[in-house]
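The values are calculated or read from the model by the stated rules, or taken from the named source; none is laboratory data. Bear in mind the structure is a predicted one, so any value in this text is a computation, not a measurement. Backbone-built Cβ (ideal geometry, glycine too); neighbour counts: all protein chains shown. Surface accessibility is based on the protein's heavy atoms, side chains included, excluding ligands, DNA and RNA. Shrake-Rupley method; radii C 1.70, N 1.55, O 1.52, S 1.80 Å.
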Amino acid sequence: MRPNQRLSYAICSILGIQSAGAAALAADATAENSDALGEITVTAQRREENIQNVPISIQALTGETLGELNVLNLDEFIKYLPNVTQATNGPAQGDIFMRGLSVGGGGGQGGGTTGAFPAVAIYLDEQSGQLPGRNLDVYAADLERIEVLEGPQGTLFGGGALSGVLRYITNKPKLDVTEGSFEAGYGTTAHGDPNSNLTAVLNLPLIADTLAVRGVIYNDRQGGYINNVASTFSRSPTDLGFARYNSGVIPTNSLSINNNSFVGNAINPLTYTGFRLQALYKINDDWNALLSQSYQNMDSQGVFYEMPRGTEGAQLTPNAVPFGGQVLPPLSVTLFNPSYDKDKFENTALVINGKIGDLKLVYSGSYLVRNVSQVQDYTNYARGVNASYYQCTGLSTNPATGQCYSPSTTWRESERNTHQSHELRLSTPDDKRIRGTVGLYWEDYKIVDQTQWSYVTVPICSPTGLNNNCYLPIQPWPGSPAFTPSPAIGFFDDVERGYKQLAEFASLDIDLIPHTLTLTGGIRHFKYDDKEQGGDVGSFYCKVGGAYGPPGPTTYFGPCTGPYGTNVGTRIPNRSTPSGNRARGNLSWHITDHDLLYYTWSQGFRAGQFNRGTSCHLPGPDKQDQYCVPAFTVPDNVTNNEVGWKTEWFDRRVQFNGAIYQEVWSNAQTGFFDPQGGLGNLAFATNGPSYRVRGVEPSIIARVTHGLTVQAAAAWNSASQTNSPFLVDNNPQSVNFGKNITSIPNPYGPLGSPTSFSPPFNANLRARYEWSFDDYNAFVQAGGQHQAHMITATGYVPAYDMPAFTSYDASAGVAKGSWAVQIFGQNLTNVNSSQSTSGAQFILTEVPQRPRVLGIKMSYKFGEK
């Protein structure tokens, strides 16, 4: 289209005139241009639309794109989403963030009890599947696309869509075709073991034009690359317990250990096994039903972090920040116990589509069950301030007295998540000038978390062994989601979190000028009924003859009668019923059929969380504790103002999209774990500061020449804390009641602090060239990703700075008929950069990118239309 033609078309569109000449020009351009970029259909507004017509910032990775990128899980494809980051301890062990809305996170021990509700909603088709600290990592087999909706999506996707939504959209059965595919791959991992994967898909009509089934089955084994190297563990005068309570004196009789039995290379293989089966039944021309059953088992062995320094000689600062120790080569750890994470889920879903007159009806119901079993080495806990109490007896300043038992310890988590949800939507025809959608949503969401920290190595008391050198065992509170703790447990969580929600939502589109100017409004009313039961129990007062515990020797034998912890079931309150409204407004201007300019105002929210205890801390001048931990947090909120554009140029050979936004995050739920700073030895959360994030995210796709396509996307973010509330003295018995607590540094951090896991710049670029010769189709592709540095936490919590990095990928392949083969390389320069750095294991850990992978993939397809 020539410039003057384009201008005439724009003027006609602005005036609301459907110019036949303008329409013909656009149609002629498309017909003459075989290099026009294809359309991607999305359902971000709960109806099928061309992605270029949706006034929301969306990134979409189609099934074809996922295959071209050779990515199969979240850790692999997230690097192609420039405004999406994660804090992670390994596959499916992390939190996802969008547009820098994070104060820290990353899964880990006890996350089912203490983790904040995720800020990004994750959907498998119509089922919401997020879990605190454990993203739902759906293997990318037979997917139609992955949709990433950036910015708060509270009206249509509800609680959890605080900063955005990530949706896995599966391929559905086709009624009129028998088709299938088979794919096999093999690859090598630098410094590690090989990889292999198999995927098979079959679509089979059973009754012509009435009933069809589609199934996919997959198995993917990714070789390990982390080595567990030889090490010893010896007590040190700098261990915090000895330094604080025993003048740095270590008993002569202190057991040292080694990890010889667990030394090995490539200890972290990862296996995905699963299937999905779907049946589509066409009842008549207006009604159909889709029944889906999904199952996935993820088995990850070892750990997915490296330790820059090992256990022997490691030290902790007074606030438990690890440093020192033996220098380790890259991709190495020093573990003293086996570690693993087994994570499986199954999901049953029913979707019914139909029409009642002109109204379209959609019902979706799903039931998700997810079970996690994880064990991790925790030996470095022996460096902490309380370890000497749990692992030593008879301490004094005389090295000849006392005894320290083994420092070898672990933590174990068993977590079960069930999520039942039902949604009913009614919408008017898409071709009307006024279009609306109304709906009801109900969910019942439960998390049962049972985490055990086995750091007691002093012997457990027995009927004949009652003396000053034993522990009485601990047991759950009455009414807990029962389990039997092993005797060596020093602390455990036994908690059930329950969320029931009822929500009503509505969205209305009004074409102020037909096909040109559209006003959209939406609202969602929600009401939660949140409840927690169970509790946590510790053994701090159960050491016979200890400073805190029953005197010894004693004639009593049985469970400890004075446990340390909280019985949530008897605490008031252990229930909350937050409710509210969240809204959205859009003004969309189609300057031409291919150019959209929009303004969006939208809100998002997420559920609050309970704290395990309401203990009080930080004595004031009158010796009264000034701060009592709140029983729960309330939903926080994000308000987004965004101007965006979606444009196509040069006869639809170029797409240039982007958005400029400002998001205000109010009352942010903020977690604390500060055993050395006076806030107690239990993690807890509060509603804290507000943050402002300003950013821009442009993207461009260009068909440069016939066969050559170039894509680039980037995100710039500037995040800043806009208020800095202190903890407030909330104890009415305290003389400072109602005043800011200034006896410790402000735990929320100073004004202007950035958010965590929010790199100021993130970008990717890739180019793909395709050509044909004889009966073959060939391609070459290359790309790169760059991420600027970012920090891991805000405020008073120890934060780590993760340096910037750049990585590169490439692939090439050839196809003939139904067969295709390609070779590929990922992380070609073998960058070892931390994706998530932490001191939560009482040692510095860094989760690196997977080392360089070189692979080959072969596929066969039949019957595809």
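Specify the inter-centroid distance of segment 297-375 and segment 155-231, based on alpha-carbon positions, in whole Å.
Taking the Cα centre of segment 155-231 as reference, the centre of segment 297-375 is 18 Å away.
First check a/c for segment 500-552, with a ≥ b ≥ c the square roots of the eigenvalues of its C-alpha gyration tensor; if it is under 1.5, answer rounded, and if not, answer prolate when a/b is larger than b/c or oblate otherwise.
Prolate shape, in that a/c is at least 1.5 and a/b is the bigger ratio.
What nm value, rounded to one decimal, do you get for the distance between E864 and N730 when each label is placed 7 Å out toward the C-beta?
Label-label distance for E864 and N730, simple model: 5.6 nm.
Could you derive backbone 3J(HN,Hα) for segment 509-519 from the dihedral phi with the Karplus parameters 6.51, -1.76 and 1.60 (θ = phi - 60°), listing whole Hz in sequence and x where the residue is Gly or Pro?
10, 10, 7, 5, 10, x, 6, 10, 10, 10, 10
Starting from the Cα gyration tensor of segment 682-803, multiply each eigenvalue by 5, take the square root, and state the resulting semi-axes largest first in whole Å.
Taking √(5λ) for each eigenvalue gives 51, 13, 11 Å, largest first.
Kindly write out, for segment 778-788 in residue order, the coupling ³J(HN,Hα) from the Karplus curve 6.51 cos²θ - 1.76 cosθ + 1.60 (θ = phi - 60°), rounded to whole Hz, with x marking Gly and Pro.
Couplings: 10, 8, 9, 8, 9, x, x, 10, 10, 10, 6 Hz.
Size of the dipole of the chain about the Cα centre, Lys and Arg at +1 and Asp and Glu at -1 on the beta carbon, nothing else charged, in debye to 20? Before the final figure, lay out the partial values.
Working: 59 positive and 72 negative charges, 258 e Å.
Computed charge dipole of the chain: roughly 1240 debye.
How much FRET efficiency would the formula 1/(1 + (r/R0)^6) give for L502 and I356, where r is the Cβ-Cβ distance and R0 is 30 Å, rounded to 0.05?
The value I calculate is 0.85.
I'd like the Karplus ³J(HN,Hα) series for segment 578-587: coefficients 6.51, -1.76, 1.60, θ = phi - 60°, whole numbers in Hz, and an x wherever there's a Gly or Pro.
Going residue by residue, I get x, 8, x, 10, 10, 10, 8, x, 9, 10 Hz, with x marking Gly and Pro.
Which cross-chain or sequence-distant (5 or more) residues have an amide H under 5 Å from the amide H of M790, H modelled 1.01 Å from N in plane?
The list, which skips near neighbours in sequence, is M802.
Gain in length, I513 to L765, computed as 0.36 nm per residue apart minus the alpha-carbon separation, to one decimal in nm?
87.0 nm
Roughly what angle does helix 3-14 make with the longest principal axis of the chain, taking Cα atoms, 0 to 90 degrees, to the nearest 10?
Approximately 80 degrees, to the nearest ten.
Would you mind listing how long the chain runs along its three principal axes, going by Cα atoms, in whole Å with the largest first?
Largest to smallest, the principal-axis extents are 97, 61, 51 Å.
Return the long-range amide H neighbours of L512 (sequence gap of 5 or more, or a different chain), with a cut-off of under 5 Å between placed amide H atoms.
Long-range HN contacts for L512: L517, T518, L519.
Calculated from DSSP H runs of 4 or more alone, at -39500 (n - 2.57) each and per residue, what is the 222 nm mean residue ellipticity of the chain, nearest 500?
Using -39500 (n - 2.57) per qualifying helix, the result is -1500 deg cm²/dmol.
Report, ordered by chain and residue number, the aspartates and glutamates lying within cross-link reach of K360, taken as a straight Cα distance under 12 Å and ignoring same-chain residues fewer than 8 apart.
Result set, ordered by chain and number: D286, D430.
Treating the angle as unsigned and between 0 and 90°, give the value, to the nearest 10°, between the Cα long axis of helix 20-32 and the longest Cα principal axis of the chain.
Computed tilt is about 70 degrees.
Share of Cα-Cα pairs in segment 604-693 beyond 18 Å, in percent?
62
Taking H placed 1.01 Å from N in the peptide plane, check which residues at least 5 places from N268 or on another chain put their amide H under 5 Å from its amide H.
Amide H to amide H, under 5 Å and 5 or more residues apart or across chains, N268 pairs with G224, Y225, I226.
Show me the ranking of peptides 376-386, 692-702 by mean Cβ neighbours inside 10 Å, starting with the highest.
Per-residue Cβ counts within 10 Å, averaged per peptide and sorted highest first, yield 376-386, 692-702.
Sorted from largest down, what three extents in whole angstroms do the Cα atoms of segment 328-436 have along their principal axes?
Principal-axis extents of segment 328-436 (Cα, largest first): 89, 34, 26 Å.
Going toward the positive end of the dipole of segment 174-263, with +1 on Lys and Arg Cβ and -1 on Asp and Glu Cβ, which of P194, S234, Y218 do you reach last?
S234
Mind ordering 800-808, 134-142 by average Cβ neighbours within 10 Å, highest first?
Taking the mean over residues of other Cβ atoms within 10 Å, the ranking is 134-142, 800-808.
Give me the percent of the accessible area of segment 750-794 that comes from carbon and sulfur atoms, probe 1.4 Å, all protein chains in place.
The C+S portion of the solvent-accessible surface of segment 750-794 is 63 percent.
At 1.4 Å probe radius, can you tell me the per residue accessible area of the chain in Å²?
Per residue, the chain has an accessible area of 39 Å².
Given +1 on the Cβ of Lys and Arg, -1 on the Cβ of Asp and Glu, and no further charges, what dipole in debye does segment 79-160 carry about its Cα centre, rounded to the nearest 20?
Value, rounded to 20: 340 debye.
If each of E144 and K432 carries a label point 7 Å out from its Cα toward its Cβ, how far apart are those two points in nm?
Calculated label separation equals 2.4 nm.
Might you report the magnitude of the Cβ-based charge dipole of segment 697-796 about its Cα centre, with Lys and Arg at +1 and Asp and Glu at -1, to the nearest 20 debye?
Dipole magnitude for segment 697-796 comes out near 300 debye.
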